[in-house]
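Q: Below you'll find the structure I mean.
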Amino acid sequence: MYSGKTEELIRRLRRAQIARQRVEIFKPIIDDRYAKDHIVSHSDLRIPSRSVKTAKEILRWAHEAQVIGIDEGQFLGPALLDVVERLARQGKRVIVAGLDQDYMGQPFEPMPQLLAIAEYITKTLAICMVCGSPANRTYRKVAKGGRVVVGGADLYEARCRRCYDLGRRAQAMAPIHEFTGETDARPQTPRRTAGARRKPSAPGRVRKQDR
Ligand code: ZN
């Protein structure tokens, strides 16, 4: 995220269009954050595109195309592999942009399998929001148990490997109330050390973190 991958995709597709190659551009219907009929980069470059519900739908519209662009490939599922192979076997140039890892740092299928079969791979990196190093991780700012600290567009940020790990560790260790944004009038209790006994909740009041 924020690595400029959509911008790079648009640049390559534009170049093909300038050379008068027949270009078809697709994105999953799930991604309508900016526009339904355009691919839009964070820097507001845009190019007309067709939204598809499934990867297979791409085959229906790609007959005449010489170049096929696909954005947010990670949302098109495992069927994308077969679709891309079929198009490439027909001699078409297929360019797919997508995230190779999810916010858990796990491979974001089918992108890793696409990496394996692709002739050319370009990894675009963002800049770590914490330290400024090259960043290839998407960090999700939530507390343990899935509660969200900040909403909307600020929910994710690019982080380097080190700052991603530090953040994940802090999320796992810190008491949950540090992340919920609850305004509690009681004075701050010192952080419990490992093994310290937890005070039982007051009777008749279920505390949020006890659920
Ligand atoms: Zn960093």
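The values are calculated or read from the model by the stated rules, or taken from the named source; none is laboratory data. What you see is a predicted model; the values in this text were computed from it and never measured. No Cβ is skipped: glycine too gets one built from the backbone with ideal geometry, and neighbour counts run over all protein chains shown.
Q: Output the residue which, of all residues in the stretch 2-20 that are at negative phi and touching a residue at least 60 places away in the same chain (Cβ under 8 Å), is surrounded by the most Cβ atoms within 10 Å (Cβ to Cβ).
A: Filtering first and then ranking leaves LEU9.
Q: Now for a separate question. For the stretch 61-78, give me each residue that is out of contact with any Pro (no Cβ under 7 Å at 6 or more places or on another chain) and surrounded by fewer than 15 Cβ atoms within 10 Å (Cβ to Cβ).
A: Of everything in the stretch 61-78, those that are out of contact with any Pro (no Cβ under 7 Å at 6 or more places or on another chain) and surrounded by fewer than 15 Cβ atoms within 10 Å (Cβ to Cβ) turn out to be TRP61, HIS63, GLU64.
Q: Can you find a residue in the stretch 104-114 that is within 16 Å of the ligand (Cβ to nearest atom), touching a residue at least 40 places away in the same chain (Cβ under 8 Å) and of a type outside the set (Phe, Trp, Tyr)?
A: yes
Q: Can I ask one more? Tell me which residues, restricted to the stretch 96-126, are surrounded by 14 or more Cβ atoms within 10 Å (Cβ to Cβ), of a type in the set (S, T, N, Q) and out of contact with any Gly (no Cβ under 7 Å at 6 or more places or on another chain).
A: Result: GLN101, GLN113.
Q: List every residue pair whose Cβ atoms lie under 9 Å apart, where the two residues are 6 or more positions apart in sequence or sit on different chains, the first residue falls within the stretch 28-44 and is closer than 16 Å to LEU99 by Cα and outside any loop (DSSP other than H, G, I, E, B), and the second residue, located anywhere, is at pLDDT below 75 and of a type in the set (Asp, Glu).
A: Qualifying pairs under 9 Å: ILE39/ASP31.
Q: Moving on. Can you work out which of the residues in the stretch 21-34 that are aliphatic (A, V, I, L, M) and crowded, with 17+ Cβ neighbours inside 10 Å is nearest to TYR164 (Cα to Cα)?
A: Top of the filtered list is ILE25.
Q: Which of the residues belonging to the stretch 127-139 are assigned to a strand (DSSP E or B), without any contact (Cβ under 8 Å) to a residue 60 or more places away in the chain and surrounded by 15 or more Cβ atoms within 10 Å (Cβ to Cβ)?
A: Residues satisfying the conditions are ARG137, TYR139.
Q: Specify the residue that is modelled with the highest pLDDT; the eligible residues are those in the stretch 35-60 that are over 15 Å from LEU80 (Cα atoms) and loosely packed, with under 14 Cβ neighbours inside 10 Å.
A: PRO48
Q: Could you please find all residues in the stretch 74-126 being over 20 Å from the mean Cα position of the chain (by Cα) and among the charged types (D, E, K, R)?
A: Passing the criteria: ASP82, GLU85, ARG86, ARG89, LYS92, ARG93, GLU119.
Q: Condition test on ARG168, is it touching a Ser or Thr at 6+ places or on another chain (Cβ under 8 Å), within 16 Å of the ligand (Cβ to nearest atom) and either modelled with pLDDT of 90 or more or not in a strand (DSSP E or B) (or both)?
A: no
Q: Taking the criterion of being over 19 Å from the mean Cα position of the chain (by Cα), in a strand (DSSP E or B) and touching a residue at least 40 places away in the same chain (Cβ under 8 Å), would at least one residue in the stretch 56-73 satisfy it?
A: Yes: the stretch 56-73 contains one or more residues that are over 19 Å from the mean Cα position of the chain (by Cα), in a strand (DSSP E or B) and touching a residue at least 40 places away in the same chain (Cβ under 8 Å).
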